[in-house]
Structures are given as structure tokens and as C-alpha cells.
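Readers should treat all values here as calculations from the given coordinates under stated rules, not as data from a laboratory. This structure is a prediction, so every number in the text was calculated from the model and none was measured. Please note: Cβ atoms are built from the backbone with ideal geometry, for glycine as well, and neighbour counts cover all protein chains shown.
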Amino acid sequence: MPPTIQGSSSGDAEKRNVRSGERRSDLVVRPKYCNTLPDIPFDAKFLKYPFENNRFMEYKPTSLERNYKYEVLAELDLGVFIDLITPDLYTVDGTEVLDPADEKLLEEDIVPHQDSKRSRHHAQSVSWLRRTEYISTEQTRFQPTNIEKVEAKVGFSIKKNFKDSVLCMDRQGQIDAIEKTFKEVNDPITKHHSKPNVHAVEVLPVFPDFKSWKYPCAQVIFDSDPAPVGRPVPAQIEEMSQAMIRGVQDESGEQFVAYFLPTESTLEKRRQDSTESRQYEEEFEYEYMMAREYNWTVKSKASKGYEENYFLVIRNDGAYFNELETRVRLSKRRQKMGQPQNITRLVVKHRPLDEREFEMHRLREQQLDSVELMG
């Protein structure tokens, strides 16, 4: 026997649906709110792509693409005649000067802002529309003084505040604006551009580091403080200023980075060299003892995705910047179970630079010359 469904009266159903104290909606259909986006306040700009084109994938053409010969076609009524016999006809002459009318066509077109229909619609304030919680919160927080919406202020009103000289600027106007920046650099700096209570204490010129640019510099980042434990702070600073890192290999063939600290005799010898105003004594053996072992991660200018970094050195006559060519991250290396403590001694003997090293310094100084020309 099939199951039966016991019906109920419509009055009972309405009593169950309508709860006590519940307010019924005035609208029969569930409302859907839509909010049009405001106009973009700035024009599109071309940005330089800092990465390689094949950063994520490398395009490899197939044999079908390589063997396909594209036809060179041109409209007959345009007066363009393609000479396939003498390709030298299309060689660009660098001494030629464009006609001013043609050069005007090659300038970047700056389209002035137009009061579009969407912007006018967005700037209106209508009181009879329902406001969502997001819009009402934003309006009560900022409390605009006029009838323009908060969203309209982001797009339409900002562009109205721009000066015409900034928006409509031809080639000569851009040149004048660039020349103006060189004149403004010579103006004295007396106060902060946005903080009225901040004043300049000292103004230093910034130059490339002519003295040390020929030496490649690296940034070494430790995972924890490498200072020797149990020593006073002045002694720690003195030892770490003379510390060295070297790549070594253990008995099992595993490579790691060793952190060496100078011995007492080496520290005493370095103090003597500093007193006699010399960097080192030739043929003298400076001894260092290994203090820590690290695993390393190296990134250099040849690595993919490496960003250029510079550091500043403050001297009496100004600030000098230099390039960080390599970045090394060191993390503590765990000692294997049952392995005795590694006691390694490093002996350093200084010598003059050879011809190959002088050549490397000369090449780096040439890079500095190109930086000066670009600046």
C-alpha cells in the first residue's frame, strides 16, 4: 500500500512560517544590488617589465612554424612598393631628421578626461535607493561635504583636481619639466614636504663609491647572532670584525660554510698592524679557528629573479653608494649523531694582487664609468 501524505490547512502553514517578532520584507522578489565601478582616475602607463621574457615558460617554435614563409602583401592604392631584390633600400639612416609634422604624429597622445555618462551617473546621490551596510558605513565615516559619492571621489573628482599643465603636456613641455627638476635640486631643503614639524639636520650629496667600487661586495645574512658566547661586547665586536667565512668539505664529501674567528695571537697582530698603519704583514701567518658550521643559499646577479641592491657608506664629505653583487643566507648546520666536534684551523697569508685580479678591478671600474654617464 503506497504511503499517504496528510495535508494541513493553509492557515496552519502560515502560522508555522511566520515566527513571532519576525518582520516580513516589503519586497516579494529578493533584491539584487549592483554598483557600477568608477572611472579609472589615471591614464594607462607603460611599465618596464623587469624580468626575463621566458621567466615562466620558454616558447619553442615547431618545424611547421619555422618552415612557413609569410607573404609580404601591401595594398596597391597606398603607394607602397616592396622591393624583394635589394633589401638595402630599407636600411634606416641615423642622420635623417623627421619632418616636424611626422614627429608630431609619433608623440604620445594624452587624451583629456571626458565627463562620461558613467561618471555623471556615479556622481549622483539618490536618497530613495537602499544602501548596503558597506556603502552606508563608508559614507558615515568620511562624511562628504557635497553630493558626490565616495566611489565617485576616487575616480572622477581626483582627476578634476589635476592641473591642465600636467595632463596636456607636449614634447617640449616634458623637456621643460625635466629641466625644472635639475634646478629644484639646488634649492635648499629646510622642511619636510608633508610633515611641517620635521626639519633637515644635515644634507649630504650622494655619489658612487669611487674607492671601493672595484671590490665586489656581498651581503651575508645569518639565521642567528654569530657573536661568540661569554665574551664582553667590545671583544665580540673586535672578533667579528676580523671573522672569515670559507666553503669547506667534510670527510663524507658534504660541502658547507665554516665561520672562522681569529685567535688571540692574530688579534694582537692585527692591533699591531693598525698601530703601524698597515693592512697586513707579508709572509706572516694569521690563524683562525672554526666556530660554527652553516648551510648556505647563494643568489647573485647571474641568478634568475635577483633584484639589484645597493648600500650607502657615510663619510665626512658625503654619502657613497655601492652595489651588492651577491647575497648569501646562512642557516645552522646540524651535527651528525656520533660525529666528534670539528676542530679546524685556517691559516691566512696575504700577498699582492696578481694580473687577473687587477683586470677584474679594471672591468668593475669601467662599469662605474657607465653609471656616471647614465647619471
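A few points about this structure:
- Segment 28-98: chymotrypsin sites (Phe, Trp or Tyr not before Pro) in DSSP coil with no more than 14 other Cβ atoms inside 10 Å: 33, 42, 46, 51, 56, 59, 68, 70, 81
- Residues whose placed amide H lies under 5 Å from that of residue 207, excluding near-sequence neighbours: 319, 320, 321
- Reachable aspartates and glutamates, given that their alpha-carbon falls under 17 Å from the alpha-carbon of residue 60 and they are not under 8 places away in the same chain: 52
- Within straight-line reach of residue 45, meaning a Cα separation under 20 Å, sit the following aspartates and glutamates at least 8 residues removed in sequence or on another chain: 107, 108, 109, 164, 170.
- For segment 213-279, the list of trypsin sites (Lys or Arg not before Pro) that fall in a loop by DSSP and count at most 13 other C-beta atoms within 10 angstrom reads 278.
- Among the GluC sites (Glu not before Pro) within segment 192-263, those in coil by DSSP and having at most 13 neighbouring Cβ atoms inside 10 Å are 202, 251, 254.
- Phi-based couplings in Hz for segment 272-288 (Karplus 6.51, -1.76, 1.60; Gly and Pro marked x): 5, 4, 5, 5, 8, 6, 9, 6, 6, 10, 5, 6, 8, 9, 8, 9, 9
- Each Lys and Arg contributes +1 and each Asp and Glu -1, all at the Cβ; summed about the Cα centre of segment 300-359, the dipole is approximately 820 debye.
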